[in-house]
Each structure stands twice: as C-alpha cells, then as structure tokens.
Amino acid sequence: MDNKKIISWIVPCFNEEKVIFETLKRIKKVSTNINQFNWELILIDDGSRDNTKKIIKEIKKYPFKIILLSFSRNFGHQQAVQAGLDNCSGSASIIIDADLQDPPEIAKKMIEKWEKGYQVVYGQRTIRRKENFLKKFSAFTFYRLLNFLSGVKIPLDTGDFRLVDRTVIDALKKFPEKGRFMRGLIAWIGFKQISVKYIRDPRFAGTTKYSLKKMVSFAIEGLTNFSRKPLRLATFTGFIFSLFAFVGMAYVLYIRFFTQSWVAGWAAICMTILLSSGIQLIFIGLLGEYIGNIFFETKNRPLYIIEERFIINER
Ligand code: UDP
Ligand code: MG
C-alpha cells in the first residue's frame, strides 16, 4: 500500500434504490480524477425498506474500499452521519447526501481549501434548483431563526454537505449528546472553517426522505438543543403579560368603583382568557421539549444500532 492520505466519503442512505447506483458512479468518477489520495466509501443504510442494501451489496469492480453499515431500523439522517464518522479511517471525510443534490464534483474545491489548512469546509448553497416553495421557505426561515436564537453562529443555508478534518472527526466522537444536530455541533466546535458555494441540484430520482413530520421535529430538535433563548423568551413574555394584567386590573377596579357601567366588558374578558391560556400552553409545551431532551440524554441509549457491517470491496 502506498502512503497516500485517505479521504472517506460518508453517504447516508434511506430508501434510495432509485439513485444509489448513479451516485456511486458519480463518486467513483470524481474520486478517480483526484488521484493524489486513496479513497474510502462508507455507506450507511438507515433501515431502508427498499432494495438500497441489495444494490449496494452487488457492487463489483469499484476502485476503492467500500464499507456498508446497515442499521437495525431507521434511526435518522444525523445518526447515520455520526455512524459514518465513527467508522471512517480517512484523514478527512466528506459527508454527502445520497440523492446527488450535493454535487460530488465540489469535493475538489473542498480538498483545495483543506490542503490550505481549513479543518471544516462546508458547502453553502446559493441556488436551489427545482425545490418547492414550502421547502425553500421553511429552510430559509429555519436557518435565520436558529441563528437569531442560538449563541453559536451556524452558517446560513448549509446542510451536512461538508469536508471535515480528522481533528474535527475525533472531537465529534467525544460528544456524548443524543440530540444530534450535526451542522450545529460542527459550528460550535470551532477550528478553522470556510465555505464553498455551490448550486443545489434537484434530487436525481426518488422523493425527499424528510417528511413534513421529520422536518418539523428536526427543526425543534435543532432549536431546543442549541439555545436556551426560547425559554428566556417565555419568561419575558410572561413578564410583559403580567404587566398588562396589572394595568388591566387597575382599569377594572376603576370601572367597578368609580363608574356606573361595570357590566360591560364580556368580550374583553373572553379574549384575554383565550389569549393568555393559549400562550401558557405554548410555553408549557416548550418547557416539555427541554424536559424531553433531558429525558433522552439521561437514558443514555446508543445513538444507533448497526445490525450488520459489510466490506463490499477491499482494496
Ligand atoms: N436520510 C437518512 N435517513 C432518514 C432520512 C434521510 O439517512 O431518515 C438520508 C437520505 O437518504 C439522503 C439524506 O439523508 O441521503 C438527505 O435526505 P433527503 O435528500 O431526502 O432530504 P432533503 O434533501 O429533501 O432535505
Ligand atoms: Mg435531498
């Protein structure tokens, strides 16, 4: 074996039978063009219920090592990425989606920056081709809200498409937390970071694996794991409402004792009750989110369970 450095591709796959073959082809082409490194490919099958695993297992004649980690069920995108980082042996790794929305060709630019000494090179999307309005709008608002709320500055419009150096991989492995929000953790971690701009392509085939439900829970997880500001916001809102309440009370007492018209005001009372009880419920829910996070952290369950580990192609 020569002593070229290894770079590992990390590809989380969930029901990607329609694209995985093409993805592997593109990755192969890009990697063989960048031949001053040895490559390794870690595929994580996140409990796919289609033929993803079968297709991967049938790959032959690939120019470098492929490891397939197969989860016992669907644990989620972030968990799959972590499994890849835990199991890769590269001096750096490139995390990339399986659906070719992140063009593997950008790897070349990422590696150039890495060789200049940057430890995190994250892909930042400038244009998103052919994604629907809801997706674009929710992503746009989410990243801005998250930055507004959290102490760490998470770069806008980035996903998990990024190159991370071995120092960062090792640092990430030491994180015991279960609320895994990788792009937040990587921003928090420090080191020298830089962006590479790219155009986000449409999905090559298949449909998004982030259902609305998954997206909402991803957003809540990101927010509540990275910031205590929502809790503080709750406290402040509480104070402001109390202030209004005091003013309101003074007004009520005044009407009651100094005027003759004190039966009126039914509508005002109803509205106040409805509004304040709604707000209270929201904040109780918010508290619940944080308590839920504590609950999961204290259980200390493993992040994911690997059912089988295959070495598809040894080289
Ligand atoms: N993914 C995963 N587990 C999941 C959901 C998604 O491993 O539970 C993978 C998926 O196969 C893809 C990446 O995460 O490689 C991003 O998912 P997708 O492209 O569906 O998300 P979108 O681009 O629509 O946000
Ligand atoms: Mg995608």
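What follows draws every value from the coordinates through simple rules; no lab data is involved. Predicted model, so just to flag it, every value in this text is computed and none were measured. Heads up, the Cβs are rebuilt from the backbone with ideal geometry, glycines too, and the neighbour counts pull from every protein chain shown.
Miscellaneous remarks
- Tensor-based shape of the chain (alpha-carbon gyration tensor, a/c under 1.5 rounded, otherwise prolate or oblate): prolate
- When the chain is described by a simple charge dipole with +1 on each Lys and Arg Cβ and -1 on each Asp and Glu Cβ, the residue from Gln124, Ile279, Ile56 located farthest towards its positive end is Gln124.
- Rounded to 5, the percent of DSSP beta bridges in the chain classed as antiparallel: 35
- Just checking the listed ones, Ala268, Ala205, Ala139: in the Gaussian network model of the chain with Cα springs under 10 Å, the one fluctuating most is Ala268.
- Of Ile255, Ile189, Ile56, the one that fluctuates the most in a GNM where the chain has Cα springs shorter than 10 Å: Ile255
- Entries in Lys61/Lys116; Lys28/Lys197; Lys25/Lys113; Lys213/Lys299; Lys57/Lys153; Lys4/Lys57 that, when Cα-Cα distance is taken, lie over 29 Å: Lys61/Lys116; Lys57/Lys153
- Extension gain for Glu115 to Ile306 (0.36 nm times residue separation, less C-alpha to C-alpha distance): 65.5 nm.
- Label zone at Gln36, where the point sits 7 Å out along the Cα-to-Cβ direction: the stretch 96-135 residues whose backbone N lies under 13 Å: 108-117
- 20 Å reach of a label modelled at Thr126, 7 Å along Cα-to-Cβ, counting backbone N of the stretch 167-197: 194-197
- Three-way shape call for the stretch 1-122 based on the alpha-carbon gyration tensor, with the a/c threshold at 1.5: prolate
- Note on the stretch 32-140: with charges restricted to the Cβ of Lys and Arg (+1) and Asp and Glu (-1), its dipole about the Cα centre is near 300 debye.
- Sorting the segments 32-40, 294-302, 158-166 by their residues' average number of neighbouring beta-carbon atoms within 10 angstrom, most packed first, yields 158-166, 32-40, 294-302.
- Two-decimal log10 I(q)/I(0) for the stretch 124-247, as the Debye equation yields it once each C-alpha is a single scatterer, q = 0.09, 0.16 Å⁻¹: -0.34, -0.93
- Between Lys57 and Lys4, full extension at 0.36 nm per residue minus the direct alpha carbon distance yields a gain of 16.4 nm.
- Long-range amide H partners of Trp9 with built H, under 5 Å: Glu40, Leu41, Ile42, Ile94
- Label-point separation in nm, Met215 to Glu105, each point 7 Å along Cα→Cβ: 2.8
- Across the chain, the relative contact order, built from alpha-carbon pairs under 8 Å that are at least six residues apart, equals 25 percent.
- Legend: calculated FRET efficiency, Ile273 to Phe236, from the Cβ-Cβ distance at R0 = 22 Å, rounded to 0.05, equals 0.55.
- A Gaussian network model of the chain, with springs between Cα atoms under 10 Å, assigns the largest mean-square fluctuation among Tyr62, Tyr304, Tyr118 to Tyr62.
- In terms of overall dimensions, the stretch 165-233 has a Cα radius of gyration and Dmax of 15.3, 43 angstrom.
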